[in-house]
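Below is one structure, written out as structure tokens; the observations come after it.
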Amino acid sequence: MKFLFDLLPVILFFVAFKTAGIFAATAVAIAATVAQIAWVWHRHRKVDTMLWASLAIVSVFGGATLLLHDETFIKWKPTVLYWLFSTVLLGASIFFRKNLIRSMLGAQISLPEPIWHKLNLAWAGFFVVMGLTNLYVAFSYSLDAWVNFKLFGATGMLLAFMIAQGLILARYMSDPSQQTDARPSEAGLEEKQ
């Protein structure tokens with residue numbers, strides 16, 4: 001459900017584009033992101049920094065698109081957002097010695113430190129590739145093709161990356177039901193006494 005919730009502004013952008021064009025879709029994307037933040041704030045009284053960053057970027061690039069009546073700015077928005085994600089992941093690791101991927105996923109899975117480092121680099125690299133791919137599609141194909149890519153292509157790339165990542169990480173995850181307790185059982189201690 002969280003994945004669909006995160007994807008909601010893109011879905012609404014797609015629908016608005018197909019029915020009313022790029023400028024209406026841009027306005028809808030800005031409004032949907034504002035509504036998304038309002039909903040998160042209402043539910044949790046806290047909004048992730050990256051969601052605020054997303055609002056700022058869609059407001060600046062979407063606002064420029066609407067003000068100047070030029071679709072170029074909204075085409076750059078996904079790339080700027082992806083590259084911001086990559087910069088934050090790498091910057092936190094280099095300058096603050098903080099692995100943000102581990103901070104997000106560490107409660108769910110346990111991995112060796114070198115694997116966390118590789119995972120952080122993989123996500124940062126993935127976002128760089130996503131940004132480049134967005135620019136290629138945005139400026140090599142029609143506006144309609146770019147909007148289709150924004151919903152289906154980018155989402156497909158993200159899902160494929162997550163599945164591949166899951167398959168690679170699966171070998172580092174152990175099944176708790178197959179783990180044996182290294183401590184002697186109480187029954188075993190009682191037998192020895």
Query raised in the report: Just to be sure, is Val128 crowded, with 16+ Cβ neighbours inside 10 Å and under 18 Å from the mean Cα position of the chain (by Cα)?
Result: yes
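Would you pick out the residues in region 1-40 that are loosely packed, with under 12 Cβ neighbours inside 10 Å and in a helix (DSSP H, G or I)?
Filtering region 1-40 for residues loosely packed, with under 12 Cβ neighbours inside 10 Å gives 1-5, 19, 38.
The answer is Lys2, Phe3, Leu4, Phe5, Thr19, Ala38.
Readers should treat all values here as calculations from the given coordinates under stated rules, not as data from a laboratory. These figures come from a predicted structure and were not determined experimentally. Note: ideal-geometry Cβ built from the backbone for every residue, glycine included; neighbour counts use all protein chains shown.
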